[in-house]
């Protein structure tokens, strides 16, 4: 909004008024007003549809009146909070005209009051009068343009008397407040000593135009904030569903979020049930318990939105013959938004407001539809991901079954055939040495089958655990080559004997003795030791020794990582890695140490835990 202001200037107070007016005009971002005797004061108000102007007339008085009006215009237009705009509008209108009572009455499309802001009438008296006035009687004669100015309100032909508790009022000045060429509400001013003047009427018209622009700006600001809130809410729902949240929790979150963002009293979700019927499966807010479980009959608004995929706003459910759910007939305005994506109807989001509260509008419907579509898309994506997970699970089961059949069962079947052959030959009295050979081959096959089954079982627990510990240690040594600049040596011993490459029987025996609980710890210790050597040792050689002795509680697994580097620093400021190794040792009742190597050069990491 911008104003161009001109007005008279009093020679005595001219400098003060000019300076004040210049400051106020600067706040509005317009040219400073000029003064002179006989100059016509004009206010231009730029609205979304164009610019209108109000001529206040030729003024011979001082600039005080113009300054007061400019103050009032600035006050009304100085905020973006709608309740604040309305309160300031009523207050400055009363102050500017000298009225005792003032109010603005905001009406809905049916002419019923949705917002009533007043000043002058005591709160107790206002409470006794009940509901705000409608645009009826004398108030219904306020013109869209101009004002209704009366010396005595009670003398108007349309006067219908005062409600109980209403204070008597005589002089009256009423004007329409328009937003984008539509009447938004009405300003009521009453009880001015000596009656209202033409200057009051002109000032009120200027204020009403300013208020219309301020209300429009506040509505746009609120709409932007509401859209941002809807967007954030939709993103939260998508994140919640795709992160694996329970579907019922997600539905409850959708209802609660939609009710909060839409400033509704109740939010409900209508979803398809068994047999194709549509039920209110979930509700949040006022009278929610009475709504849950209610069936929705075909032909009603919910079914229409579900089938057609188009949202709907209704001004009043209480007066609609299409509503068959008794609990819904207790509400006023309602909004129905389809939960639909790619032509697939998931359900309907229903937002309800109590009777007497502002009705939903087209802007509310647009944002609610966008939110509902995003929520429906999140549901479809979550279902698709769930289906993908199920398919992956089935594929994994098929792979396991195939591995068991091809690698283990077939081998066991062949072993069974060998033993059957041995049994038949034994019954014929063949050479015992021949039977011994057959039995030994069968035992080898049984061992191989056991290893295959163990690997498959380990794969279900941890894909990496399907690989034996010896192979995993060799892999760690190979990976450390890059950081060290050379290949570390790795020796694995079982009861004092070195485990040769490719000896899977001994490797499997080591796996059995160490067990899955300690295997990951052993690999982690070796990995940390090699990493420390690469970072700090500056060594030319690193040796890793893993020794397994005995079995059960009396057995041990001992890990050593020794380098020929610079040794430990005098002061160590980081111990997070070695602290983890000590914790792993304590967890199994073992020991950990880090010190100088026996040869006097380098560092020796030693970690030992019992097997049982």
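Just a few scattered comments:
- Test: residue in region 311-322 that is loosely packed, with under 13 Cβ neighbours inside 10 Å, modelled with pLDDT of 85 or more and out of contact with any helix residue (DSSP H, G or I) (no Cβ under 6 Å at 6 or more places or on another chain): no
- Filter result (closer than 16 Å to residue 536 by Cα and modelled with pLDDT of 80 or more) within region 565-584: 565, 566, 567, 568
- If you go through region 446-472 and pick out every residue that is more than 30 Å from residue 392 (Cα to Cα) and either out of contact with any helix residue (DSSP H, G or I) (no Cβ under 6 Å at 6 or more places or on another chain) or at pLDDT below 75 (or both), you end up with 1.
- Qualifying positions in region 516-559 - outside any helix (DSSP H, G or I) and within 22 Å of residue 479 (Cα to Cα): 538, 539, 540, 541, 542, 543, 544, 545, 546, 547, 558, 559
- Residue 218 vs. criteria at pLDDT 80 or above and touching a helix residue (DSSP H, G or I) at 6+ places or on another chain (Cβ under 6 Å): no
The values are calculated or read from the model by the stated rules, or taken from the named source; none is laboratory data. Since we're looking at a predicted model, the values are computed, not measured. Ideal geometry is used to build each Cβ from the backbone, glycine not excepted, and the neighbour counts take in all protein chains shown.
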